[in-house]
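**Q** Structure provided below as structure tokens; questions to follow.
The values are calculated or read from the model by the stated rules, or taken from the named source; none is laboratory data. In this text the structure is predicted, and so the values were computed from the model without any measurement. For neighbour counting, all protein chains shown are included, and Cβ atoms are generated from backbone atoms with ideal geometry for every residue, glycine included. Heavy atoms of the whole protein, side chains included, go into the accessibility calculation; ligands, DNA and RNA do not. Shrake-Rupley method; radii C 1.70, N 1.55, O 1.52, S 1.80 Å.
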Amino acid sequence: MGGRYNAEIIADRAIAGAGEAQRFIIALAGPPGVGKSTLSEALAAELKGRGHGAAIVPMDGFHLDNAVLDSRGQRACKGAPFTFDADGYAELLRRLKATPYSEIAIPVFDRELDLARASARIIEPGHRFLIAEGNYLLLDQEPWSKMAALFDFRVLLKADHTVLRQRLIERWIVHGLNKSQAMDRAMSNDIPNAELVINGSSGADMEIFN
């Protein structure tokens with residue numbers, strides 16, 4: 001219920017703010033485990049239900065490949081800001097905004113394969129509203145901060161620290177780790193990343209406690 005209600009509010013604001021723009025980009029940022037993917041899908045469905053073309057452009061499609069992370073000794077840090085091609089993602093957003101009448105292929109992260117699949121989704125000219133979804137889109141540090149001008153509306157999702165911590169631990173348990181291993185994994189990488197997003201993001205037009 002809450003997800004649908006939040007999607008309705010964001011859709012109201014986006015449609016009102018879009019005016020005659022051919023393409024309108026909504027940034028949906030927040031820490032890992034806060035529910036960004038669920039809200040992104042609800043928002044896309046809400047916009048489509050109102051007769052507007054919409055598509056999700058996930059930041060996760062710009063994960064550095066495991067082979068690259070292995071060569072740098074950074075595999076254990078996968079998901080941290082420096083394990084993404086932030087400049088590549090920003091360039092894609094610029095292209096999407098500058099050429100709204102073009103058909104553009106984008107990468108999407110495959111969680112089962114644990115890698116980004118190139119050209120896995122097509123953004124079409126009819127997709128007027130694009131939902132840029134990812135942890136660090138509003139992070140107030142370079143290179144992420146350089147993306148600010150690309151977003152027409154900025155939403156930051158937050159959650160209670162205790163609830164978020166439990167979600168991140170449970171995420172690893174689902175992946176087959178025992179409780180102790182899951183806690184170690186979450187505390188070593190996911191939770192510090194979550195705290196960075198919560199404490200270091202800025203410029204949101206709307207904040208949602210999820």
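**Q** Limited to the range 127-149, what total is found for residues that are in contact (Cβ under 8 Å) with a residue 60 or more places away in the chain and hydroxyl-bearing (Ser, Thr, Tyr)?
**A** Residues flagged as in contact (Cβ under 8 Å) with a residue 60 or more places away in the chain and hydroxyl-bearing (Ser, Thr, Tyr) within the range 127-149 amount to 1.
**Q** Also, quick follow-up: Could we say that Arg117 is charged (D, E, K, R), assigned to a strand (DSSP E or B), farther than 23 Å from Gln22 by Cβ and open to solvent by 30 Å² or more (accessible area, probe 1.4 Å) here?
**A** In short, yes.
**Q** Take Arg154 and decide whether it is touching a residue at least 24 places away in the same chain (Cβ under 8 Å), open to solvent by 80 Å² or more (accessible area, probe 1.4 Å) and not in a loop (DSSP other than H, G, I, E, B).
**A** So Arg154 fails the test.
**Q** I would also like to ask the following. Between residues in the range 108-120 that are more than 16 Å from Ala67 (Cα to Cα) and residues that are of a type in the set (D, E, K, R), which pairs lie under 7 Å by C-beta distance while being six or more apart or on different chains?
**A** Val108/Arg117; Val108/Arg121
**Q** Looking at Leu168, is it outside any helix (DSSP H, G or I) and either open to solvent by less than 60 Å² (accessible area, probe 1.4 Å) or of a type outside the set (Val, Ile, Thr) (or both)?
**A** Taking the combined requirement at face value, the residue does not satisfy it.
**Q** Which residue out of Gln141, Gln181 is farther than 30 Å from His52 by Cα and in a loop (DSSP other than H, G, I, E, B)?
**A** Gln141
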